[in-house]
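Read the structure below first, then the notes.
The values are calculated or read from the model by the stated rules, or taken from the named source; none is laboratory data. Treat the numbers as computed from the prediction; the structure is a model and nothing was measured. Neighbour counts run over all protein chains shown; Cβ positions are idealised from the backbone, glycine included. For accessibility, only protein heavy atoms count, side chains too; no ligands or nucleic acids. Shrake-Rupley method; radii C 1.70, N 1.55, O 1.52, S 1.80 Å.
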Amino acid sequence: MSEVTPGRTKEPERVEPVSLLQAVLFWLRIGFISFGGPAGQISILHQELVERRRWISERRFLHALNYCMLLPGPEAQQLATYIGWLLHRTWGGVIAGVLFVLPSLFILIALSWVYIALGDVPLVAGIFYGIKPAVTAIVVQAAHRIGSRALQKKALWAIAAASFVAIFALNLPFPLIVLGAAMLGFIGGTMAPDTFQVRGGHAGARNTFGPALIDDDTPTPEHARFRWSRLAVLLVTGAALWVLPMGLLVLAFGWNGTLTQMGWFFTKAALLTFGGAYAVLPYVYQGAIGHYGWLTPTQMIDGLALGESTPGPLIMVVAFVAFVGAYVQQIFGPDQAFLAGALAATLVTWFTFLPSFLFILVGGPLVESTHNELKFTAPLTAITAAVVGVILNLALFFGYHVLWPRGFGGEFDWPSALIALGAAVALFRYKRSVIQVLIGCALAGLAVWLSVPSH
């Protein structure tokens with residue numbers, strides 16, 4: 001470490017290389033604290049990777065995020081996979097992506113069993129009651145955090161506002177909003193390039209957070225360069241990882257078996273999740289309830305609440321759907337109901353997330369080759385602006401359901417409002433971490449839940 005000459009400002013320390021073991025411990029921790037849906041999770045990743053640890057620069061982080069936003073599947077999990085891949089090659093990406101999901105799978109299997117086998121549990125209900133307002137505040141903070149960096153021009157503000165109106169008032173599908181923003185960015189990057197050249201990415205990142213391990217000018221690592229041979233190996237491996245378990249399910253249970261149909265149904269769902277879990281929930285709702293009858297509408301709503309209140313991607317609600325479906329149908333008999341549910345949840349998680357890993361490992365080298373070319377970055381800059389509007393809509397969606405749980409015709413939930421306000425103050429004013437805010441709000445919610453007889 002270089003010495004500081006007296007009278008000079010101390011330069012930010014350079015980041016030491018990260019070992020694979022350090023990365024494993026970090027991604028495991030992230031898997032347990034990744035609350036708040038995609039917006040909250042992206043906020044956590046930005047805070048930990050860009051601001052605190054400086055493993056990757058702001059611009060490289062946003063470039064990777066923009067790519068993940070274009071893909072079907074959970075954006076935050078794919079972003080973790082992407083950065084893990086940049087740091088430690090293919091295995092680094094696989095480890096980051098798996099650990100982002102694995103704690104959520106175990107927690108959801110346990111909570112699904114408690115839900116279906118033991119009924120209402122006041123302790124869990126109270127904790128969830130406090131976490132939901134906290135999640136609302138976390139999503140608002142994410143919109144502010146990303147928007148303050150991405151919306152640097154009036155045109156980008158206009159795109160964000162238009163995307164909010166499109167999804168809030170016009171109920172346009174998220175993929176259409178992304179496509180429209182990308183087209184505006186492509187046209188704008190050609191006709192008015194300065195509008196979509198976001199300033200301050202390089203210098204701003206250095207001044208605010210210091211030099212990063214993967215900085216704006218860090219060359220693309222050798223393993224992240226495109227090769228046809230590598231592409232062929234990944235495609236063959238990915239196909240084998242899907243065909244092998246699906247083939248075993250067909251042999252064991254037949255094509256119409258419950259587990260086989262779950263694997264096939266959620267493979268299709270994984271390829272339709274443009275815009276995150278909320279974009280595909282109607283498809284899951286119709287299939288799991290209307291077509292297959294794996295669970296009831298009330299159970300689906302409760303499962304969504306579990307998914308919102310546990311770490312990991314919100315699309316992990318599919319694990320709840322699979323657990324309940326296999327448990328209730330007792331596909332292994334009444335004595336093995338838990339085993340059936342746990343196996344179903346694990347298989348469905350495999351089929352849901354396998355495409356996400358392939359998208360990152362296959363497309364990553366192409367994305368890395370474009371992070372300094374405006375003709376590629378301008379559409380992605382516009383998409384980031386549009387996403388700010390979508391995140392704001394999500395915050396309002398959460399706020400409405402938390403503060404008016406029975407609709408505007410019902411009573412205003414004052415305790416939830418106070419918990420949400422306290423969470424916002426802790427996040428914005430006192431810069432508390434997400435996990436500290438969640439723990440505090442969970443305890444507050446539990447106290448309210450146990451003290452109010454109407455609950």
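General remarks:
Residues checked against (1) farther than 30 Å from Trp449 by Cα; (2) free of Cβ contacts under 8 Å to residues at least 60 places away in the same chain:
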position: Thr90; (1), (2): yes, no
position: Ala96; (1), (2): yes, no
position: Val101; (1), (2): no, no
position: Ile116; (1), (2): no, no
position: Tyr129; (1), (2): no, no
position: Ile138; (1), (2): no, no
position: Phe168; (1), (2): yes, no
position: Leu172; (1), (2): yes, yes
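- Any hit, the range 420-429, residues being farther than 30 Å from Glu48 by Cβ, at pLDDT below 90 and outside any helix (DSSP H, G or I): no
- Filter result (part of a helix (DSSP H, G or I), of a type in the set (Phe, Trp, Tyr) and more than 27 Å from Ala232 (Cα to Cα)) within the range 320-372: Phe320, Phe323, Tyr327, Phe338
- Qualifying residues in the range 397-416 (those that are part of a helix (DSSP H, G or I), of a type outside the set (S, T, N, Q) and out of contact with any Phe, Trp or Tyr (no Cβ under 7 Å at 6 or more places or on another chain)) - the one surrounded by the most Cβ atoms within 10 Å (Cβ to Cβ): Phe398
- Of the helices (runs of 4 or more DSSP H) lying entirely inside the range 130-225, those containing at least 1 residues that are out of contact with any Ser or Thr (no Cβ under 9 Å at 6 or more places or on another chain), surrounded by fewer than 21 Cβ atoms within 10 Å (Cβ to Cβ) and at pLDDT 75 or above span 154-168, 174-191.
- Pairs, first under 12 Å from Leu361 (Cβ atoms) in the range 216-227, second of a type in the set (S, T, N, Q), C-beta under 7 Å, six or more apart: Phe226/Ser369
- Condition met for Thr384 (among the β-branched types (Val, Ile, Thr), open to solvent by 20 Å² or more (accessible area, probe 1.4 Å), in contact with a helix residue (DSSP H, G or I) (Cβ under 9 Å, 6 or more places away or on another chain) and modelled with pLDDT under 90): no
- Inter-residue pairs, beta-carbon under 6 Å, first within 24 Å of Phe266 (Cα to Cα) and in the range 347-371, second not in a helix (DSSP H, G or I), 6+ apart: Ser356/Gly73; Phe359/Leu71
- In the range 314-336, the residues that are without any contact (Cβ under 8 Å) to a residue 40 or more places away in the chain and not acidic (Asp, Glu): Val321, Gln330, Phe332, Gly333, Pro334, Gln336
- Residue within the range 274-291 that is at pLDDT 80 or above and open to solvent by 70 Å² or more (accessible area, probe 1.4 Å) present: yes
- Count - residues of the range 1-42 that are among the polar types (S, T, N, Q), modelled with pLDDT under 85 and more than 13 Å from the chain's Cα centre (by Cα): 3
- Qualifying residue in the range 79-100 (condition: under 20 Å from Pro313 (Cβ atoms), at pLDDT below 90 and surrounded by 22 or more Cβ atoms within 10 Å (Cβ to Cβ)): no
- Odd one out for Phe357, checked against (1) surrounded by fewer than 19 Cβ atoms within 10 Å (Cβ to Cβ); (2) touching a helix residue (DSSP H, G or I) at 6+ places or on another chain (Cβ under 8 Å): (1)
- Residue satisfying condition, being open to solvent by less than 10 Å² (accessible area, probe 1.4 Å), out of contact with any Lys or Arg (no Cβ under 8 Å at 6 or more places or on another chain), closer than 23 Å to Lys431 by Cβ and modelled with pLDDT under 90, within set Leu45, Leu65: Leu65
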